[in-house]
1. Can you find, within the stretch 1-20, the residue that is nearest to ligand 2 (Cβ to nearest atom) among those that are under 22 Å from residue 113 (Cβ atoms) and in a loop (DSSP other than H, G, I, E, B)?
2. Kindly establish whether residue 159 is polar (S, T, N, Q), more than 16 Å from ligand 2 (Cβ to nearest atom) and either closer than 23 Å to residue 41 by Cα or not in a strand (DSSP E or B) (or both).
3. Just need a number here: residues in the stretch 71-112 that are touching an Asp or Glu at 6+ places or on another chain (Cβ under 9 Å) and of a type in the set (Gly, Ala, Ser).
4. Quickly run through the stretch 189-210 and pick out the residues that are assigned to a helix (DSSP H, G or I) and open to solvent by less than 20 Å² (accessible area, probe 1.4 Å).
5. Of the numbered conditions (1) within 20 Å of residue 176 (Cα to Cα); (2) touching a Gly at 6+ places or on another chain (Cβ under 6 Å); (3) away from ligand 2 (no atom under 15 Å from the Cβ), residue 62 satisfies every one except a single condition; which is it?
6. If a residue has to be away from ligand 1 (no atom under 16 Å from the Cβ), farther than 23 Å from residue 152 by Cα and either open to solvent by 10 Å² or more (accessible area, probe 1.4 Å) or of a type in the set (Lys, Arg) (or both) to count, how many in the stretch 85-124 make the cut?
7. Among 107, 115, which is among the polar types (S, T, N, Q) and free of Cβ contacts under 8 Å to residues at least 12 places away in the same chain?
8. Exactly one condition in (1) open to solvent by 20 Å² or more (accessible area, probe 1.4 Å); (2) at negative phi is not met by residue 178; state its number.
Amino acid sequence: MKKIQISPSILSADFSQLGNEIKRLEQGGADMVHVDVMDGHFVPNLTIGPPVIKSLRKYTNLPFDVHLMIDPVHKYIKDYSDAGADIITFHPEATENPLETINLIKSLNKKVGMSLNPKTEIKAVKEYLDKIDLVLVMSVYPGFGGQKFIDDVLRKVKNLDQIRKENNLNFKIEIDGGINFETSMIAIEAGVDILVSGTTVFKENNGDIKKNIKILKQM
Ligand code: DX5
Ligand code: ZN
C-alpha cells in the first residue's frame, strides 16, 4: 500500500498554545503542518499571517504546508516564503495569472500547490499540472473547520489520479475538509496521498494526536 501523509490543520489547535501544539504534532507523527491563512474576503473567516508563521518556525523542522485563502494572493507570496512556508498553495481564482504565481513560488525554492474549491473544476488547474507539486482538493467550502465532507469531490480526486497516471505526472493529491476515520478511507481509495485534518487529529480520542494520526494513516 502507498504511504499516506498527514498534514494536521492548526485551525483546530489551541491558539494560545500554538508553539506547543506544533511540538505535539511532531511527537504524534505528523508529516507536515497545515497552516490555514484566511483573509475575511476570499473566505468568510480571518486567521493568521506571516508574523505568526515566522514565530512558529522555530518549534519544528516539519514542513509548513501553507494554504493561502487570500485574494489577491500574488503580492503576498514572498512574505509567506520569508516567514518559513515550505509548500505554498493558492486558489487559481485569487490571482490574475496563475502561471506567474507558480513561477514566483518556484523562484523562491518552495513547493507549489493549487487548490480546487468544491465548485471549481479540474480545468482550472489542468494546464499547470506538469508544473506544480500538488493539487489541494477542498472537500468543504473553505473558511471553517469541523464541516461535513462533500462526497462529490471524490470524482475530481479520481479524475486527477487518472490524469496523473496517463501522463506520468508526479503531483500529489491532497484533500482538505471533513476528514474523519471514515472519509479518510474513501479519500485514500480514490487516490489521495495527503490528508489534511483539523478536528479529527486534535479532538478525537480525547485529543490523542498520535493515535488519531495512526488511524488516519491506516497503520
Ligand atoms: C477549511 C480549512 C481546513 C480545515 C480542516 O477552510 O482549509 O484546513 O481547517 O478542518 P477539519 O478537518 O476540521 O475539516
Ligand atoms: Zn486548509
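The values are calculated or read from the model by the stated rules, or taken from the named source; none is laboratory data. Predicted model, so just to flag it, every value in this text is computed and none were measured. Every residue, glycine among them, receives a Cβ derived from its backbone with ideal geometry; neighbour counts consider all protein chains shown. In case anyone asks, the SASA skips ligands and DNA or RNA and just uses the protein heavy atoms, side chains included. Shrake-Rupley method; radii C 1.70, N 1.55, O 1.52, S 1.80 Å.
1. So, considering only residues that are under 22 Å from residue 113 (Cβ atoms) and in a loop (DSSP other than H, G, I, E, B), the one nearest to ligand 2 (Cβ to nearest atom) is 13.
2. Values: polar (S, T, N, Q): yes; more than 16 Å from ligand 2 (Cβ to nearest atom): yes; either closer than 23 Å to residue 41 by Cα or not in a strand (DSSP E or B) (or both): yes.
Here the answer is yes, as residue 159 does meet what is asked.
3. Adding up the residues that qualify gives 2.
4. Quick first cut of the stretch 189-210, residues assigned to a helix (DSSP H, G or I) only: 189-190, 199-207, 209-210.
Matches in the stretch 189-210: 190, 200, 201, 202, 207, 209.
5. (2)
6. Start the filter on the stretch 85-124 by keeping residues that are away from ligand 1 (no atom under 16 Å from the Cβ), which leaves 86, 95-112, 121-124.
Applying the additional criterion that residues be farther than 23 Å from residue 152 by Cα yields 86, 95-112.
After this cut, where a residue has to be either open to solvent by 10 Å² or more (accessible area, probe 1.4 Å) or of a type in the set (Lys, Arg) (or both) as well, the list is 86, 95-100, 103-104, 106-111.
Count: 15.
7. Values: 115 fails: free of Cβ contacts under 8 Å to residues at least 12 places away in the same chain.
Of the residues listed, the single one that is among the polar types (S, T, N, Q) and free of Cβ contacts under 8 Å to residues at least 12 places away in the same chain is 107.
8. Unmet for residue 178, out of (1) open to solvent by 20 Å² or more (accessible area, probe 1.4 Å); (2) at negative phi: (2).
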